[in-house]
Amino acid sequence: MPVTPRPGILDIRPYTPGAADAPGVANPVKLSSNENPLGCSPKAKEAFEAASKKLNLYPDGGARKLREAIAEVEGLEADRIVCGCGSDEILQLLGRAYLEPGDKVVQSEYGFLVYRLVAMTSGAHFVSAPETGCRASVDALLEAAGDDAAIVFLANPNNPTGTYLSGEEVRRLRAGLPEGCLLVVDEAYAEYVDVPDYETMLPMARERDDTIVTRTFSKIHGLAALRLGWAYADRSIIDVLNRVRGPFNVNLPAIDAGIAAIRDIEFREKSAAHNREQVAYLTQQLRGIGLEITPSVGNFVLIHFPETTGKTAADADRFLTARGLIVRPLVPYNLPNALRLTAGRADDNRKVVDALTEFMAA
Ligand SMILES: *Cc1c(COP(=O)(O)O)cnc(C)c1O
């Protein structure tokens, strides 16, 4: 007889990662998971290779040297940082530590899918705040939160839309949330943003004891394979996360590579500059062939397709896949007419533009 999990667990639809292959195509171009097309810092790779000589050893369970390196580079306190097996693990741990069945969890309509999984795993009640133009609305989030939200998740910038809230808007959101409500600001793409009114909420997390900022090594640092993320918050929150995390949740090669990566400012800047140029190129070219593109501050663009037969997002996805160009369909996000395209290497981006030009003209 099958063993029964907690109520709600079997309602969870497992997360579908971006596809990695295109049937029948030998070397497809993967532009479906917002990975860094420039790879990672050569210094991180070197540190990872050196770590291969220490695979018999347990890592430092507190990842102290990594936290110190992050603290130094970001101007933070090492004892207010916790590292995780991807920022994803930290999001899961927050659910485990702070949610009870029936608690209210709020996110924006097209927010990152993982937040829903976190809520469902804890049996929490999930409320989605409507967006206008694929952009989070502070008023809608506050209305959804009401006076009893336990956690509000905000990806800023958001994936898959690429849009953001200004520093002023996030502060207004925080000010309007009920007391005792945890605000999680997921800044997975913060390092890419290049607009004057965007602000990281690290200073807010320093001032308050109810707000946490998460960051990742998977995007600009190009270490998605190693699963490494971190969060910054009040010591009371970090203490809680340290109690619920696994004792060795971050592995040794990830710690060593992460230390080298966070110190390699040059690689980070090179990645950001490349991305700026390529997102601008994709936005301009794709608009030029009549597609609607949501303005993005991330390392990807959201492309909206017509609903005309033969020209839909699903048709475009098939057309691109047949040419070895893998993008992300957004049906699970309730955006069936859109595809998300990661800004890749310049030559790959050109291939996507050429293919979509052909697709739209056909
Ligand atoms: C990619 C991404 C992350 C990073 O997840 P990791 O577990 O650190 O790889 C977190 N949040 C959002 C919104 C993302 O798009």
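In whole Hz, with x marking every Gly and Pro, tabulate ³J(HN,Hα) for region 31-38 from phi via Karplus 6.51 cos²θ - 1.76 cosθ + 1.60, θ = phi - 60°.
Once rounded to whole Hz, the list reads 10, 10, 9, 6, 7, 7, x, 8.
On a C-alpha basis, how far is the centre of region 295-362 from the centre of region 33-108 in Å? Whole number, if you could?
31
Taking amide H positions as placed in the peptide plane 1.01 Å from N, state which residues far from Asp186 in sequence (5 or more) or on other chains have amide H under 5 Å from it.
Residues meeting the amide H criterion: Leu154, Ala155, Asn156, Thr214.
Cα centroids of region 253-275 and region 151-175: how far apart, whole angstrom?
After rounding, the separation between the Cα centres reads 25 Å.
If contacts are Cα pairs under 8 angstrom and at least 6 residues apart, what is the relative contact order of the chain in percent? Write out the running numbers ahead of the final one.
Working: 715 pairs, mean separation 87.2, N = 362.
The normalised contact order for the chain reaches 24 percent.
How far apart, in nanometres, would the label points at Ala362 and Glu100 be if each is projected 7 angstrom from Cα along the Cα-to-Cβ direction?
5.6
Which of rounded, prolate or oblate describes region 155-276 when judged by the alpha-carbon gyration tensor and an a/c cut-off of 1.5? Before the final figure, lay out each step's value.
Values: a/c = 2.25, a/b = 1.12, b/c = 2.01.
Note, shape of region 155-276 comes out oblate.
5 Å is the cut-off here: which amide hydrogens, built 1.01 Å from N in the peptide plane, fall below it relative to Thr294, excluding neighbours closer than 5 in sequence?
Placed amide hydrogens put Leu302, His304 under 5 Å from Thr294.
Can you work out the accessible area per residue across region 42-263, with the rest of the protein chains kept in place, probe 1.4 Å, in square angstrom? Don't skip to the end; give the middle numbers.
Details: 8950 Å² over 222 residues.
Here the residues of region 42-263 average 40 Å² of exposed surface.
Using a basic spin-label model with each label point 7 Å from the Cα along Cα→Cβ, how many nm lie between Asp139 and Arg206?
3.4
Using each residue's phi in region 150-163, evaluate 6.51 cos²θ - 1.76 cosθ + 1.60 at θ = phi - 60° and report the 3J(HN,Hα) Karplus result to the nearest Hz, with x for Gly and Pro.
Those phi angles translate into 8, 9, 10, 9, 9, 8, 9, x, 8, 10, x, 7, x, 8 Hz.
Normalised by the residues of region 225-357, what does the relative contact order come to in percent, with Cα pairs under 8 Å and at least six apart?
Working: 124 pairs, mean separation 26.2, N = 133.
Relative CO of region 225-357 lands at 20 percent.
When only alpha-carbon atoms count, how far does region 42-263 stretch along each of its three principal axes, as whole angstroms with the largest first?
Projected onto its principal axes, the Cα set of region 42-263 covers 53, 38, 28 Å.
Hey, what number do you get for the chain at 222 nm if only DSSP H runs of n ≥ 4 count, each worth -39500 (n - 2.57), divided across all residues, to the nearest 500?
Values: 12 runs with 138 residues, N = 362.
Rounded to the nearest 500, it is -11500 deg cm²/dmol.
Karplus couplings for region 119-127 from phi (6.51 cos²θ - 1.76 cosθ + 1.60, θ = phi - 60°), rounded to Hz, Gly and Pro as x?
Going residue by residue, I get 4, 5, 4, 8, x, 7, 9, 9, 10 Hz, with x marking Gly and Pro.
Rounded if a/c is under 1.5, else prolate if a/b is larger than b/c, else oblate: which is region 285-362, with a ≥ b ≥ c the root eigenvalues of its Cα gyration tensor? It would help to have the intermediate numbers written out before the result.
Working: a/c = 1.32, a/b = 1.06, b/c = 1.24.
Here region 285-362 falls in the rounded category.
Starting from the 7 Å offset along Cα-to-Cβ, what nm value, one decimal, do you get for the label separation of Thr309 and Glu277?
For Thr309 paired with Glu277, the spin-label model returns 4.4 nm.
Counting Lys +1, Arg +1, Asp -1, Glu -1, what net charge surrounds Val152 among other residues with beta carbon under 10 Å of its beta carbon?
Numbers: positive: Lys104, Arg174; negative: none.
Its environment carries a net charge of +2.
Can you tell me the length gained on complete extension of the stretch Arg172 to Phe126, counting 0.36 nm per residue apart and subtracting the Cα distance?
On the way: separation 46, 0.36 × 46 = 16.56 nm, distance 2.19 nm.
Net length gain for the segment: 14.4 nm.
Enumerate the amide H contacts of Phe126 below 5 Å, restricted to partners 5 or more residues apart or on another chain; note that Pro and chain-start residues carry no placed amide H.
Sorted by chain and number, the residues that satisfy this are Val105.
Which FRET efficiency value, to the nearest 0.05, is calculated for Asp347 and Glu68 with the Förster distance at 51 angstrom and r the Cβ-Cβ distance? Mind showing how you got there, number by number?
Values: r = 39 Å, r/R0 = 0.77.
The pair Asp347/Glu68 has a calculated efficiency of 0.85.
Please give the contour-minus-distance gain from Glu292 to Arg6: 0.36 nm per residue of separation, less the Cα-Cα distance, rounded to one decimal in nm. The partial results should precede the final answer.
Working: separation 286, 0.36 × 286 = 102.96 nm, distance 4.28 nm.
Gain in length upon complete extension: 98.7 nm.
The values are calculated or read from the model by the stated rules, or taken from the named source; none is laboratory data. What you are looking at is a predicted structure, and each value in this text was computed from that prediction instead of being measured. All Cβ positions, glycine included, derive from the backbone under ideal geometry; neighbour counts span all protein chains shown. In case anyone asks, the SASA skips ligands and DNA or RNA and just uses the protein heavy atoms, side chains included. Shrake-Rupley method; radii C 1.70, N 1.55, O 1.52, S 1.80 Å.
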